[in-house]
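Just below is one structure, and these are the notes that go with it.
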Amino acid sequence: MKITIIGSGYVGLTTGACFAEVGHHVVCVDNDARKVESLIAGQIPIYEPGLESLVKKNVASRRLSFTTSTEEGVNHGEVLFIAVPTPPQPDGSVDLSFIEKVAREIAQYLDSYRVIVDKSTVPVKTGERVTQTIRRYAKPGVEFDVVSNPEFLREGSAVEDLMKPDRIVIGGNSDRALAIMQKAYEPFVAPVLVTDINSAELIKHAANSFLALKISYINAISEICEATGADVQKVADGIGMDKRIGRSFLSAGLGYGGSCFPKDIAAFIAISEQLGVPFNLLKEVQSINQRQIDRFVALIREALWVLKEKKLAVWGLSFKPNTDDVRSSVAISLVEQLAEEGADVLAFDPKGMEKAKQLPIASKIRFADSALEAATGAEALIIATEWPEFAAVDLAALRDVMRTPLIFDGRNLIDPVAAANFGFQYRGIGRGILSERP
Ligand code: UDX
């Protein structure tokens, strides 16, 4: 089948590569000529496990190609996926100008029937707007259908999430379009849920908000654990063993970050307010998330008394492991606060260094070449992202290089008992009793 993806960012590129991998002929469009040039040359602008080899393989087999021409894309694909950015505006609502522009461009080149798919995360009722826009700008009588097909991929496991999804949601009201979408997804073994467009759009925001709610729920519990001496990890295990709840997304820590959750929760709050049905529960989810980082900085300040001129090692800059993405990373916010108070921060991240070095904070901190180098001479180690290589650290070697053996574990990565046995003073999140041991 011929498929076009408009927008070759995280979602668009991975979706395009996976559709090509299962045998479709895919054209990915992007208006950034430099990006398209480097993609053609086999250079992937993001670190995503498995993506580079998938792109190279499918470019070589001629099932995947890249262009800057929307016209070429519209002519090529029976299905046109819109995967352009939907950035937040200062009030939390979504900037839909890229979607609107692409809708107009598609309309301009539309000659015969196409299925136009909203893949980007958009507020409910965007599909209706896209339909109106295309109808307004297209040649009279030209046929098309608009479908919503939200993406649920996680950065760091995007290829796997796309190749083996939990579910495929297709929202539309035309049997013709739904049949074409079912055909596009036929090679993927996953349950397909067919809905109307508005429900499909809502599913995406509701799913992400629920996951964020789970994280804030366990983080709120972590505060109670600290006040009582209970261990949040055990509490999460205990409630997570209930199949109705499940253990995933119950890892207490510094809170959620990244390019999706903070933006999507703010957008859902804004949409609910516009609709006259304010979703106040999500405001509490947001404030618990903010409180986690504030409490953690307070904990560090309380232990070190003064942060100014303190040599602090920070492990982790990406918003989560297995990605180089530092957008809306809690680790970056943390480093910003520490630097603001005059701490001498030496940071290390296995993949996120290059992107972190492009941020304004880069001029206020130093970067190390390895985790142990960052810790050398440090008065405290702060773990901000749960990279597996940090969990596997040799605690004896770590203690030997640090000036004072103090660990602030913002992701509960290190075993507190092992840390104590190696002579560390350890502070985790929601680990009351254990963190009190010397
Ligand atoms: C998320 C959704 O999972 C995905 O379905 C959607 O398509 C896009 O948004 P992503 O942002 O890539 O994916 O990352 P995710 O793995 O969900 O983690 C988001 C944030 O939550 C990270 O900062 C992570 O550290 C944090 N998190 C996650 C926790 O603090 N605790 C947890 O238990 C799980």
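With respect to residue 151, is the statement that it is within 16 Å of the ligand (Cβ to nearest atom) and either over 18 Å from residue 184 (Cβ atoms) or part of a loop (DSSP other than H, G, I, E, B) (or both) true? Quick ask: steps written out before the conclusion?
Details: within 16 Å of the ligand (Cβ to nearest atom): yes; either over 18 Å from residue 184 (Cβ atoms) or part of a loop (DSSP other than H, G, I, E, B) (or both): yes.
Considered against the rule, which asks whether it is within 16 Å of the ligand (Cβ to nearest atom) and either over 18 Å from residue 184 (Cβ atoms) or part of a loop (DSSP other than H, G, I, E, B) (or both), residue 151 comes out as yes.
Looking at (1) surrounded by fewer than 16 Cβ atoms within 10 Å (Cβ to Cβ); (2) within 11 Å of the ligand (Cβ to nearest atom); (3) of a type in the set (Ser, Thr, Tyr), which is the one condition that is false for residue 199?
Tallying (1) surrounded by fewer than 16 Cβ atoms within 10 Å (Cβ to Cβ); (2) within 11 Å of the ligand (Cβ to nearest atom); (3) of a type in the set (Ser, Thr, Tyr), residue 199 fails exactly one: (2).
Among the residues of the stretch 36-58, how many are part of a helix (DSSP H, G or I) and open to solvent by 50 Å² or more (accessible area, probe 1.4 Å)? Break it down into steps so the answer makes sense when it comes.
Within the stretch 36-58, the first condition is being part of a helix (DSSP H, G or I), and the residues that meet it are 36-40, 51-58.
Those left that are additionally open to solvent by 50 Å² or more (accessible area, probe 1.4 Å): 37, 40, 52-53, 56-57.
Final tally of qualifying residues: 6.
Can you tell me how many residues in the stretch 212-252 are of a type in the set (Val, Ile, Thr), open to solvent by 60 Å² or more (accessible area, probe 1.4 Å) and either within 13 Å of the ligand (Cβ to nearest atom) or closer than 16 Å to residue 293 by Cβ (or both)?
Restricting attention to the stretch 212-252, the residues satisfying the condition of being of a type in the set (Val, Ile, Thr) are 215, 218, 221, 224, 228, 232, 235, 239, 245.
Checking the rest, the ones that are also open to solvent by 60 Å² or more (accessible area, probe 1.4 Å) come to 224, 228, 245.
Pick out the ones that are also either within 13 Å of the ligand (Cβ to nearest atom) or closer than 16 Å to residue 293 by Cβ (or both) and you get 245.
Number satisfying all stated conditions: 1.
Look at residue 13 and say whether it is open to solvent by less than 40 Å² (accessible area, probe 1.4 Å), assigned to a helix (DSSP H, G or I) and over 16 Å from residue 119 (Cα atoms).
Numbers: open to solvent by less than 40 Å² (accessible area, probe 1.4 Å): yes; assigned to a helix (DSSP H, G or I): yes; over 16 Å from residue 119 (Cα atoms): no.
Taking the combined requirement at face value, the residue does not satisfy it.
Could you list, ordered by first residue, the pairs with Cβ atoms under 8 Å in which the first is in the stretch 147-158 and within 12 Å of residue 193 (Cβ to Cβ) and the second is more than 6 Å from the ligand (Cβ to nearest atom) and assigned to a loop (DSSP other than H, G, I, E, B), at least 6 apart or interchain?
Listed pairs, sorted by first residue: 148/122; 148/172; 149/119; 150/119; 150/121; 152/165; 152/166; 152/167.
If I filter the stretch 160-173 for residues that are among the acidic types (Asp, Glu), assigned to a helix (DSSP H, G or I), without any contact (Cβ under 8 Å) to a residue 60 or more places away in the chain and surrounded by fewer than 21 Cβ atoms within 10 Å (Cβ to Cβ), do I get at least one hit?
The first filter runs over the stretch 160-173 and keeps only residues among the acidic types (Asp, Glu), leaving 160-161, 166.
Next cut, assigned to a helix (DSSP H, G or I) only: 160-161.
Next, only the ones that are without any contact (Cβ under 8 Å) to a residue 60 or more places away in the chain stay: 161.
Then drop every residue that is not surrounded by fewer than 21 Cβ atoms within 10 Å (Cβ to Cβ), which leaves 161.
Scanning the stretch 160-173 turns up at least one residue that is among the acidic types (Asp, Glu), assigned to a helix (DSSP H, G or I), without any contact (Cβ under 8 Å) to a residue 60 or more places away in the chain and surrounded by fewer than 21 Cβ atoms within 10 Å (Cβ to Cβ).
For the stretch 64-86: of the residues being in a loop (DSSP other than H, G, I, E, B) and under 27 Å from the mean Cα position of the chain (by Cα), which is nearest to residue 17 (Cα to Cα)? So that I can check it myself, show each step before the final result.
Here is the first cut: in the stretch 64-86, the ones in a loop (DSSP other than H, G, I, E, B) are 68-69, 77-78, 83-86.
Adding the requirement that they be under 27 Å from the mean Cα position of the chain (by Cα) leaves 68, 83-86.
Values: 68: 17, 83: 13, 84: 16, 85: 18, 86: 21 Å.
So the residue we want is 83.
What pairs come out if I take residues in the stretch 236-260 that are in the same structural domain as residue 221 (by TED's automatic domain parsing) and pair them with residues that are assigned to a loop (DSSP other than H, G, I, E, B) and near the ligand (Cβ under 6 Å from one of its atoms) whose C-beta lies under 6 Å away, six or more apart or interchain?
Every condition considered, the pairs that remain are 236/250; 240/250; 257/319; 258/319.
Output the residue which, of all residues in the stretch 302-349 that are of a type in the set (Val, Ile, Thr) and away from the ligand (no atom under 14 Å from the Cβ), is surrounded by the fewest Cβ atoms within 10 Å (Cβ to Cβ). Give the derivation first.
First, pick out the residues of the stretch 302-349 that are of a type in the set (Val, Ile, Thr): 306, 314, 323, 326, 330, 332, 335, 345.
Cutting the leftovers down to away from the ligand (no atom under 14 Å from the Cβ) gives us 306, 314, 335, 345.
Values: 306: 10, 314: 31, 335: 26, 345: 23.
Per the criteria, the residue is 306.
The values are calculated or read from the model by the stated rules, or taken from the named source; none is laboratory data. Quick caveat: nothing in here was measured; it's all calculated off a predicted structure. All Cβ positions, even for glycine, are placed from backbone atoms using ideal geometry, and neighbour counts span all protein chains on display. To get the accessible areas, we keep the full protein, side chains included, count just its heavy atoms, and leave off ligands, DNA and RNA. Shrake-Rupley method; radii C 1.70, N 1.55, O 1.52, S 1.80 Å.
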